[in-house]
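In what follows, a single structure is set out as structure tokens and then discussed.
The values are calculated or read from the model by the stated rules, or taken from the named source; none is laboratory data. It should be emphasised that the depicted structure is a prediction, and the values quoted were computed from it without experimental measurement. Cβ placement follows ideal geometry from the backbone for every residue including glycine, while neighbour counts extend to all protein chains displayed. Ligands, DNA and RNA are stripped out before the accessible areas are found, and what is left, the full protein with its side chains, is counted by its heavy atoms. Shrake-Rupley method; radii C 1.70, N 1.55, O 1.52, S 1.80 Å.
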Amino acid sequence: MPPAEKSPWWKHAVIYQVYIRSFADSDGDGVGDVSGIRSRLPYLKNLGVDALWINPWYPSPMVDAGYDVADYREVDPLFGKLDDAKALIEEAHEAGLRIILDIVPNHTSDQHAWFKDAIVSGPGSEARGRYWFRPGQGENGELPPNDWQSTMGGPAWTRVTEADGTPGEWYLHLFSAEQPDLNWSNSQVRAEFLDILRFWFDLGVDGFRIDVAMALAKDPALPDLGTGPAGEAVGLGSVPVHPHWDRDEVQDIYREWRAVADSYPGDRLFVAEAWVLDSARYQRYLAPGVLHTAFNFGFLTCDWDADQLRTSITKSLREHETLESDPTWVLSNHDVVRHLSRYGRREKSAAGPLQRYESPLDLRLGTRRARAAVFLTLALPGSAYIYQGEELGLWEVEDIPEALLQDPIWERSGHTERGRDGARVPLPWRGTQSPFGFSPDHSRAPWLPQPAEWAEYTVECQEADSRSMLSLYRTLLRIRAERNVWEGADLAWIDGEDGLLAFSRGPFVCAVNLTDHAMPCPVEGKLVAASNKFDGLTLAADSAVWLETS
Ligand code: GLC
Ligand code: MG
């Protein structure tokens, strides 16, 4: 195990998100796997991160890329065996890297033993009580029980066929129809997940990312939600008490989880995927005895705009002032457009997870801004997340042929939303053509096609280039770890021209110019690192520096 530290490791850790199916493929089936991760531990260690968050690797029909779990205590054969997972955990620990798994508590797969049992057991059964089964409305129950919508498009209800062949009850699924929602007021459901947490904690994992953490509790009366003024679905934050998002009862669930985590040695971590932007509501997840941290989606959804970012950072710092928890900083993940592509546009509305753009990507602009952005995220107080491939300067692949799209959003939206595949394309490691070392030579094609241009973005290429994105990430991570300066010191804003974002933490200064013109650097100091050429006086457009003042 890594050496004991004075404050919990997660307060200042840099956590690398491994999107397993696109990270490294060891067996040549075109899909990343556990052994692929094992083979790249030296790369991750060398990059300088502290922990890995691995997206779901459990047995799954893979309708939603593994977020439809059929068995929470195994590894899908596509990714390897449970023994591979055990070996990975051990080897990662030997290398000083922690392992965070992804737990999916809101729903199971429709192929989970519980759901299959619920289907055959029929209305009123104990098995159906673990999910949300209800009779339909209308004369023959032909209408869904209420008006809730699936986040993946279409109604949140699907009707089952009963054992005698007749159309029967409906079940709730806030995501795809293959992801039935569990009933968290059911004591068996609660006990089962405590046991699943123990199963993996016993194997040594250091924490869990909690999938859609704000969704678990539902109003048992299942009331209609109504529609907004333009007839649109009503989302989180638009009604005072929402029947299925961010209800007060979810924190009771996490208090039980926290007690399990606290019963293990070392500092085990929970990080919530909670799309909750209201400060008071967000803080509830991080209250004493609840969760340790949550993703900072307010920060992620900012445009490349100094005022927006300053406001968002100030809000986050304020939210955490009274909490044990520290802020997290995250710009990309497997659900949102890669930030290089969000920032690489002259148009502004870069925020929405499923954003589409009028203008084509300006790769040079996006790259410049992405370089500057990592100075910011790694200098802020708290922990930071890196989504695999951002250290290579990868962009969102926006031209995957429609016939190859895999995200269920594409089908469920009736081909109006392309979905999230563009952020999930397999990594380029070496060589000049696809699969770029993602799979061994002569393998099946990667599960999503890689752009030919990635020949210049491979790890191999970038290791040989001191000006590459990879070299920049390695340098900044090394500085952050070595100097240890970002732990503890409070952030103080430094004034400057419009479009400047600058702050000090103790003797260290981070200054970012978010405009398209050069401006004076607001302080003098010894240069620690710069995102591009820096003469000591002028910050170029879309650039950043770290300085040391005495
Ligand atoms: C989370 C995951 C996403 C998945 C959804 C349903 O938002 O990050 O990928 O589709 O939950 O489990
Ligand atoms: Mg494979």
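Could you check, for region 300-315, whether at least one of its residues is among the aliphatic types (A, V, I, L, M), in a helix (DSSP H, G or I) and open to solvent by 40 Å² or more (accessible area, probe 1.4 Å)? No: zero hits. Examine region 241-258 for a residue that is of a type in the set (Ser, Thr, Tyr), touching a helix residue (DSSP H, G or I) at 6+ places or on another chain (Cβ under 6 Å) and within 27 Å of TRP53 (Cβ to Cβ), and state whether such a residue exists. Looking for residues that are of a type in the set (Ser, Thr, Tyr), touching a helix residue (DSSP H, G or I) at 6+ places or on another chain (Cβ under 6 Å) and within 27 Å of TRP53 (Cβ to Cβ), one finds none in region 241-258, hence no. Checking each residue in region 377-407 for being more than 18 Å from the chain's Cα centre (by Cα) and more than 26 Å from TRP429 (Cα to Cα) picks out ALA379, LEU380, PRO381.
Yes/no matrix, rows are residues, columns are (1) over 15 Å from the mean Cα position of the chain (by Cα); (2) within 16 Å of ligand 2 (Cβ to nearest atom); (3) among the charged types (D, E, K, R):
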{"position": "GLY289", "(1), (2), (3)": "yes, no, no"}
{"position": "THR301", "(1), (2), (3)": "no, no, no"}
{"position": "LYS315", "(1), (2), (3)": "yes, no, yes"}
{"position": "GLU321", "(1), (2), (3)": "yes, no, yes"}
{"position": "VAL336", "(1), (2), (3)": "no, no, no"}
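The set of residues in region 72-87 being surrounded by fewer than 23 Cβ atoms within 10 Å (Cβ to Cβ), outside any loop (DSSP other than H, G, I, E, B) and not basic (Lys, Arg) consists of LEU82, ASP83, ASP84, ALA87.
Checking the stated criteria, TRP410 turns out not to satisfy the condition of being of a type in the set (Phe, Trp, Tyr) and assigned to a loop (DSSP other than H, G, I, E, B). Each residue in region 360-381 was checked for being open to solvent by 10 Å² or more (accessible area, probe 1.4 Å) and outside any helix (DSSP H, G or I), and 4 of them qualify.
Screening the candidates VAL18, VAL49, VAL14 for the property of being within 21 Å of VAL271 (Cα to Cα), open to solvent by less than 10 Å² (accessible area, probe 1.4 Å) and within 16 Å of ligand 1 (Cβ to nearest atom) yields one hit, VAL18.
The set of residues in region 517-540 being open to solvent by 20 Å² or more (accessible area, probe 1.4 Å), farther than 18 Å from ARG310 by Cβ and assigned to a loop (DSSP other than H, G, I, E, B) consists of HIS517, ALA518, GLU524, GLY525, ASN532, LYS533, PHE534, ASP535, GLY536, LEU537, ALA540.
Among residues of region 415-443 that are small (Gly, Ala, Ser), those with a Cβ under 6 angstrom from a residue that is within 16 Å of ligand 1 (Cβ to nearest atom), sequence gap 6+ or separate chain, pair up as GLY419/ASP407; GLY419/ILE409; GLY419/TRP410; GLY422/GLU396; ALA423/HIS334; ALA423/ARG338; ALA423/GLU396. Is it the case that GLU178 is within 16 Å of ligand 1 (Cβ to nearest atom) and acidic (Asp, Glu)? Yes. Within the bounds of region 22-37, is there any residue that is outside any loop (DSSP other than H, G, I, E, B), closer than 30 Å to LEU317 by Cα and free of Cβ contacts under 8 Å to residues at least 60 places away in the same chain? Scanning region 22-37, I find no residue that is outside any loop (DSSP other than H, G, I, E, B), closer than 30 Å to LEU317 by Cα and free of Cβ contacts under 8 Å to residues at least 60 places away in the same chain, so the answer is no. Consider ILE119 carefully, then state whether it is free of Cβ contacts under 8 Å to residues at least 60 places away in the same chain, within 16 Å of ligand 1 (Cβ to nearest atom) and either closer than 27 Å to ASP407 by Cβ or surrounded by fewer than 18 Cβ atoms within 10 Å (Cβ to Cβ) (or both). For ILE119, the condition - free of Cβ contacts under 8 Å to residues at least 60 places away in the same chain, within 16 Å of ligand 1 (Cβ to nearest atom) and either closer than 27 Å to ASP407 by Cβ or surrounded by fewer than 18 Cβ atoms within 10 Å (Cβ to Cβ) (or both) - is not met. If you go through region 21-46 one residue at a time, how many are within 16 Å of ligand 1 (Cβ to nearest atom) and either out of contact with any Gly (no Cβ under 9 Å at 6 or more places or on another chain) or outside the structural domain of SER434 (by TED's automatic domain parsing) (or both)? Result for region 21-46: 1.
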